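I have placed the structure first, in the form of structure tokens, so that the comments after it can refer back to it.
All of the numbers you see were taken from the coordinates with simple rules; none came from a lab. Remember, predicted model here, so these are calculated numbers, not experimental data. Using ideal geometry, Cβ is built from the backbone for each residue, glycine included, and neighbour counts are taken over all protein chains shown.
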Amino acid sequence: MKYIIACITGAFIGYITNWLAIKMLFRPYTEKRILGIKIPFTPGLIPKEQKRIAKSVGETVGKHLLSKETLVSELCSDKIYNHIEKLINDKVISLGKSNLKLGDKLMPLKNNINNKIINLGKSQKVKGAIKNFINSKGSQLKNSDYTVTEVIGNKSVDVIKMYVEKNKETISLDIVTAIKDPLMENKIKSAISSGVSSNVNPLMAMFINADTIYEKVISYIENNIYKPDIQNEIILMIYKIIDKIGNQNIKDIIEEIDCEDKEKLLELLSDKISIHILNESLINSAIDNIFDINISDLINGNENKIIAVVNNIVKGSYSNFISKQGEEIVDLLDIERIIENQINSFPVEFAEKLIVDIANKELKAITWLGALLGCIMGILSPILSSLY
């Protein structure tokens, strides 16, 4: 009987001892005092050493488990690349089925795009490119046998003639205004005087007044130039001038222009082209037209090509970024500090529950192992006593 009692007593003591030891790892959570005297083993081991444990775990995980090399390697793993590819594939397919327009995605950038294009158009780089283009085309024309009409096209000639026809009254008015200009008036009067003195007897010339002849000519022109038949004659004359210029060889015209005038013309053309093409309203209209395009119209039928191109760009950029900046980013993350701060932020109750949940089976085994060892010690004690 004494052996049974000793066995039960030893088992009970062993069980309680181990159970209490495990509890003392966590309990009490805070320091306890009686009459101002600190009670030993308070707080429990883990609450007392929480900061040291947090620092140690953080260093271990940061240096050995989640090292810079490990994280960078994982960030460049096939799993990540496959996930990126899937995201891109799903996004492209989704956009292909949507009713979204380009403007729905890019509208916040419209003003920025507009300003960038306008500023680009004002830059010397663009003006230089336009000049080089005009120079290149000019050199090609200079070495060709094209006529002016062949260069600008018959339709352009027809448009010019139509413009002349529609504005014949304005042209007639411009002719009258031109010959009545003071500078032109003096030239005409001078020509009349020169003609009279060269072709008329000096005695007769004394009675011929250039001013009178000029006034009569102007009066005749003003009275007749607006008549339909006269205007038609003027139009036909202008047509002949247009045809004559159109039949001229373009290289002959280019060669007649001196270098200084060519440079001025080149500067003028480049300015006009850049102003016309990069007009703000024209740019806004072009951007609006582009923004009005359905994204699905751009994607449908080109899904595989778009996915392949975007994959290459994104994967290449991502891989390049991680290979160059990955370790620096991991350093900035400071895994050790994150883990240490996280552990320190845990309430002791949570840490206890976490450890118990993870090692519940093992902790129970340790408790029962204490009971087993206590049982053995309880049996051995009377046996040894009887022997001695």
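Numbers for the structure displayed
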{"read-out": "Cross-link reach list, aspartates and glutamates versus LYS97, counting only Cα pairs under 15 Å and skipping chain neighbours closer than eight places", "value": "ASP297, GLU303"}
{"read-out": "Projected label distance in nm at MET1 and SER94, using a 7 Å step from Cα toward the beta-carbon", "value": "8.1 nm"}
{"read-out": "Packing-based exposure ordering (other Cβ within 10 Å, fewest first) of ASP243, ASP229", "value": "ASP229, ASP243"}
{"read-out": "The chain: angle of helix 182-199 to the longest principal axis, Cα-based, in degrees nearest 10", "value": "30 degrees"}
{"read-out": "Within the chain: Cβ-based charge dipole about Cα centre, in debye rounded to nearest 20 (Lys, Arg +1; Asp, Glu -1)", "value": "2560 debye"}
{"read-out": "Residues of type lysines that LYS48 reaches as a straight line, Cα spacing below 21 Å, ignoring anything fewer than 8 places off in the same chain", "value": "LYS23, LYS32, LYS38, LYS353"}
{"read-out": "Farthest toward positive dipole pole in the range 111-295 [+1 Lys/Arg, -1 Asp/Glu at C-beta], among VAL176, ALA286, ILE273", "value": "ALA286"}
{"read-out": "Proxy reagent accessibility, fewest Cβ within 10 Å first, across TYR29, TYR163", "value": "TYR163, TYR29"}
{"read-out": "Matching label, Cα extents along the principal axes in Å computed from the structure shown, candidates (1) 69, 54, 37; (2) 178, 54, 38; (3) 104, 37, 31", "value": "(2)"}
{"read-out": "Mean-position separation - Cα centroids, the range 328-388 and the range 257-302, in angstrom", "value": "76 Å"}
{"read-out": "Dimensions in Å of the range 111-295 - Rg and Dmax from alpha carbons", "value": "24.6, 89"}
{"read-out": "Straight-distance crosslink candidates among aspartates and glutamates, where the alpha carbon sits under 14 Å from LYS142 and sequence neighbours closer than 8 are dropped", "value": "GLU150, ASP252, GLU255, GLU256, ASP258"}
{"read-out": "Kirkwood-based Rg to Rh ratio, the range 257-378, C-alpha trace", "value": "1.50"}
{"read-out": "Given LYS180/LYS227; LYS51/LYS361; LYS86/LYS324; LYS101/LYS324; LYS189/LYS227, the pairs whose alpha carbons are separated by over 30 Å", "value": "LYS101/LYS324"}
{"read-out": "Stretch gain in nm, segment ILE241-ILE37, where the contour uses 0.36 nm per residue and the Cα spacing is subtracted", "value": "61.4 nm"}
{"read-out": "Contour excess over end-to-end distance, with Cα ends at ILE254 and LYS305 and 0.36 nm allotted per residue", "value": "13.6 nm"}
{"read-out": "Length-normalised contact order of the chain in % [C-alpha pairs under 8 Å, at least 6 apart]", "value": "48 percent"}
{"read-out": "Most fluctuating residue given options ILE113, ILE338, ILE175, as computed from a GNM of the chain linking Cα atoms under 10 Å", "value": "ILE175"}
{"read-out": "Above-threshold pairs, the threshold being 32 Å between Cα atoms, out of LYS131/LYS244; LYS216/LYS272; LYS125/LYS168", "value": "LYS216/LYS272; LYS125/LYS168"}
{"read-out": "Residue with peak Gaussian network fluctuation, the chain [Cα springs, cutoff 10 Å], from GLU69, GLU150, GLU215", "value": "GLU215"}
